[in-house]
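The values are calculated or read from the model by the stated rules, or taken from the named source; none is laboratory data. Small disclaimer: the values here were computed from a predicted structure and weren't measured. FYI the Cβ positions are ideal-geometry reconstructions off the backbone, even for glycines, and counts take in every protein chain you see.
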Amino acid sequence: MNFDAYIFDLDGTVLDSAGVWKQIDIEFLGKRGLPLTDDYTAAVSALRLYDAAIYTAKRFALNEKPEDITAEWLSMAKDKFVHYIGLKPYAKEYILQLRSIGKPVGVATGAERELYVPALERNGLLDKFDVIIDAETAKTDKNSPDIFLKTACALGAAPQKSVVFEDTPTGLRSARSAGFFTVGILDPSEAETNAEIEKIADITACDFRKFLKDGQ
């Protein structure tokens, strides 16, 4: 685990927020008499929030504007991100350890700034990254490797000498397609997704403890 740059996803990777979004999806779809399915979760997980709203409205033939869907999701999520969401186990310790040995550390996230900024700030990590590139900044989602490439470039590292920590199959595929070494972060409650991640990622982990033991 000795790389020129370390790139982290936020939702479900650094921030322990995967369960929050699943509950939001259940409540949002449930209000409309719709079930949450694994293929829907997989489809929206790599999209920007507004694009996920477009997809949702089209998939379920909802007579709702994407901006209204986005606003509803943000309203459901904001209090949790601002006040409650914590970090994945040992994420902070690992990131601080990387900084202590001079490793460039960045974020490539599809999360909304108004959600991730207060969550990182409350957990003492907002100023610990050398660069944060979100989907709005990159003008893309994780169906493309561009967001990872832009982050690596900002950190001054080649993809082949960088590692990406990511919790979605789509993000992992995109990162690997551009030559990044990939670490799949597993969620204990997502057996089907975990099985797919284990097929894609170079290595997997449930948290960051194993990397602390490596002394990196």
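Within the option set Y90, Y94, Y116, Y84, being on the phi > 0 side of the Ramachandran plot and of a type outside the set (G, A, S) holds for one residue only, Y90.
I'd like to verify a number: residues in the stretch 143-175 that are closer than 26 Å to A18 by Cα and either part of a helix (DSSP H, G or I) or among the small types (G, A, S) (or both), how many?
Just the residues of the stretch 143-175 that are closer than 26 Å to A18 by Cα, to begin with: 143-152, 162-175.
Keeping just the survivors that are either part of a helix (DSSP H, G or I) or among the small types (G, A, S) (or both) gives 144, 146-152, 162, 169-175.
Residues flagged as closer than 26 Å to A18 by Cα and either part of a helix (DSSP H, G or I) or among the small types (G, A, S) (or both) within the stretch 143-175 amount to 16.
Please indicate, with yes or no, whether at least one residue in the stretch 169-187 is among the polar types (S, T, N, Q), within 13 Å of the chain's Cα centre (by Cα), surrounded by fewer than 17 Cβ atoms within 10 Å (Cβ to Cβ) and in the same structural domain as E93 (by TED's automatic domain parsing). So far as the stretch 169-187 goes, no, none of its residues is among the polar types (S, T, N, Q), within 13 Å of the chain's Cα centre (by Cα), surrounded by fewer than 17 Cβ atoms within 10 Å (Cβ to Cβ) and in the same structural domain as E93 (by TED's automatic domain parsing). (1) assigned by TED's automatic domain parsing to the domain that holds A175; (2) buried (at least 17 other Cβ atoms within 10 Å of the Cβ); (3) not aromatic (F, W, Y): which one isn't true of T70, the others all being true? Just one mismatch for T70, condition (1). Do we have any residue at all in the stretch 89-106 that's under 29 Å from K161 (Cα atoms), within 15 Å of the chain's Cα centre (by Cα) and basic (K, R)? No, there is no match, as no residue in the stretch 89-106 is under 29 Å from K161 (Cα atoms), within 15 Å of the chain's Cα centre (by Cα) and basic (K, R).
Within the stretch 143-156, if we keep just the residues that are surrounded by fewer than 24 Cβ atoms within 10 Å (Cβ to Cβ) and in contact with a Ser or Thr (Cβ under 9 Å, 6 or more places away or on another chain), the residue that is farthest from Y40 (Cα to Cα) turns out to be L155. Taken together, the criteria exclude L34 from residues that are at pLDDT 90 or above and under 19 Å from the mean Cα position of the chain (by Cα).
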